[in-house]
Amino acid sequence: MLRVIDLTTLSGAYAARLFAEQGHEVIRVEPPDGDELRRLAPFLREQQDMEHGAYHQFLNAGKKSLALDLDSPAGRKILLDLLGHADVLVANCPLPIEEQNCLAANPKLVLTKIVDDGPEICAVARSGLMSLTGHPDHAPVTLGGHVPYMAVATYVAVATAAALLVRNASGRGLIATVSMRESLESFVAQAMVEYSFSGTITERRGSKGAITAVSGALPCKDGHWVISQIHRPGRWTKFVDWVRDPELSADPSLAEEENQHKRRDFIMERLDQWAKGFTKAELVEQAQRLHFPASPVSTTLDLVNDPQLLARGFLTAMDHPEFGQINFPQGAIASVLGNRLNPAPKLGEHNGELLKDLPGNTVSVEKFE
């Protein structure tokens, strides 16, 4: 089992959680008065404190909490002692301790540092992602739910895992650097390649697809659904037979992919009117029977009781000490391995356990609890 020290902000906390899902010991080092992740809304049961933040409860599940004042010499010494018996340090820059001192404390340490970590909305704008998100006749928008930060953290986890492979092969520690800016820019690579090869500028399409002509989210009786009618020989005829829209049926030229792109807004408007007569479950079931890619636009309430997620163990029943019996997202890695994450720790919950085990530690445990 690895020991991972987590000194990240929101752009890296999910990476550390992925190691907790694998069953490794993950120690989140926090200021004695709590960090920004604990203060991030929304708050469960509307209790705005250090323990009820929804992001804290999810991202810190399975971790241990060590409250340390890293502005003090004593706190930094304890961190160095921890690093001496750790495998990984994942941290946002600037580091509280110089990186050469971290590696001096443990020459086999993998240090993953996150750079270019600015405000999320600025990072998304600079990366080019914002130019692709939103409706064409409105200002660009960012993704909700702090998805950009979660995407960066996935890169952080991959970089750390790769660095561990190198460490294990060489027997030497190393530093992996993950740029938030470059991580987000990687998601715009397709648009850059398309412009380089064809001169086509990818534009915002709102809820409609940008590549496949007949694709996007449409309203229906009980919410929204998504259709993606990929162009293949004979598929348009099959699609029109399903929808039975007289205006689409009357124009045989729409069977050509080029004409579908030219008139894609007209096609989607016709589908918009047709779909309002069905529920999203009815539409998706019909589409799947005909082998058209489709999906409901799931809400959070849909997901917490999703039979597929429950059956596969992604969601498992947890007897939470604060919230009672809940369906909790253990995560893909945990569900595959059959691991169960403990609830997110209270601030400084593991100070006594972690500090008493440090060799040569003469600092009072109570001082940091």
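Provide a single number: the residues in region 67-80 that are in contact with a Pro (Cβ under 8 Å, 6 or more places away or on another chain), open to solvent by less than 40 Å² (accessible area, probe 1.4 Å) and not in a strand (DSSP E or B).
Qualifying residue count for the region: 3.
Given the residues A123, A139, which is the only one that is free of Cβ contacts under 8 Å to residues at least 24 places away in the same chain and over 23 Å from R172 (Cα atoms)?
Working: A123 fails: free of Cβ contacts under 8 Å to residues at least 24 places away in the same chain.
On inspection, the qualifying residue turns out to be A139.
Scan region 292-343 residue by residue and report those that are under 28 Å from T212 (Cβ atoms), aliphatic (A, V, I, L, M) and either out of contact with any strand residue (DSSP E or B) (no Cβ under 7 Å at 6 or more places or on another chain) or outside any helix (DSSP H, G or I) (or both).
A294, V297, L303, A332
Yes/no per residue for (1) more than 28 Å from the chain's Cα centre (by Cα); (2) open to solvent by less than 50 Å² (accessible area, probe 1.4 Å); (3) of a type in the set (D, E); (4) under 23 Å from P296 (Cβ atoms):
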site	(1), (2), (3), (4)
Q190	no, no, no, no
F197	yes, no, no, no
T200	yes, no, no, no
R232	yes, no, no, no
W242	yes, yes, no, yes
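Look at region 16-50 and say how many of its residues are outside any helix (DSSP H, G or I) and among the charged types (D, E, K, R). Steps first, answer last, please.
Let us first name the residues in region 16-50 that are outside any helix (DSSP H, G or I), namely 22-43, 47-50.
Subset that is among the charged types (D, E, K, R): 25, 28, 30, 33, 35-36, 38-39, 49.
Of the residues in region 16-50, 9 are outside any helix (DSSP H, G or I) and among the charged types (D, E, K, R).
How about region 91-174: which helices (runs of 4 or more DSSP H) wholly inside it have at least 3 residues that are in contact with a strand residue (DSSP E or B) (Cβ under 6 Å, 6 or more places away or on another chain) and at pLDDT 90 or above?
In region 91-174, the matching helices (runs of 4 or more DSSP H) lie at 147-170.
For residues that are in contact with a strand residue (DSSP E or B) (Cβ under 7 Å, 6 or more places away or on another chain) and in contact (Cβ under 8 Å) with a residue 40 or more places away in the chain, scanning just region 25-50, find the one that is surrounded by the fewest Cβ atoms within 10 Å (Cβ to Cβ).
Once the filter is applied, the top-ranked residue is P32.
Here are some conditions: (1) open to solvent by less than 50 Å² (accessible area, probe 1.4 Å); (2) more than 34 Å from the chain's Cα centre (by Cα). I227 meets all but one. Which one does it not meet?
Condition (2) is where I227 drops out.
Considering region 51-63 alone, what residues qualify as being buried (at least 16 other Cβ atoms within 10 Å of the Cβ) and either assigned to a loop (DSSP other than H, G, I, E, B) or out of contact with any Lys or Arg (no Cβ under 7 Å at 6 or more places or on another chain) (or both)? Give the steps one after another, and end with the answer.
Step one: filter region 51-63 for residues buried (at least 16 other Cβ atoms within 10 Å of the Cβ), giving 51-53, 55-63.
Listed by number, the residues that qualify are E51, H52, Y55, Q57, F58, N60, A61, G62, K63.
Does L89 count as out of contact with any Ser or Thr (no Cβ under 9 Å at 6 or more places or on another chain) and of a type in the set (A, V, I, L, M, F, W, C)? Walk me through it before giving the result.
Working: out of contact with any Ser or Thr (no Cβ under 9 Å at 6 or more places or on another chain): no; of a type in the set (A, V, I, L, M, F, W, C): yes.
So L89 does not fit the description; no.
I'm trying to understand the selection: among the residues of region 12-47, which are modelled with pLDDT under 95 and among the polar types (S, T, N, Q)?
Correct list: Q47 only.
The values are calculated or read from the model by the stated rules, or taken from the named source; none is laboratory data. Only a predicted model underlies this, so the values are computations on that prediction, with no experimental measurement involved. Neighbour counts run over all protein chains shown; Cβ positions are idealised from the backbone, glycine included. Ligands, DNA and RNA are stripped out before the accessible areas are found, and what is left, the full protein with its side chains, is counted by its heavy atoms. Shrake-Rupley method; radii C 1.70, N 1.55, O 1.52, S 1.80 Å.
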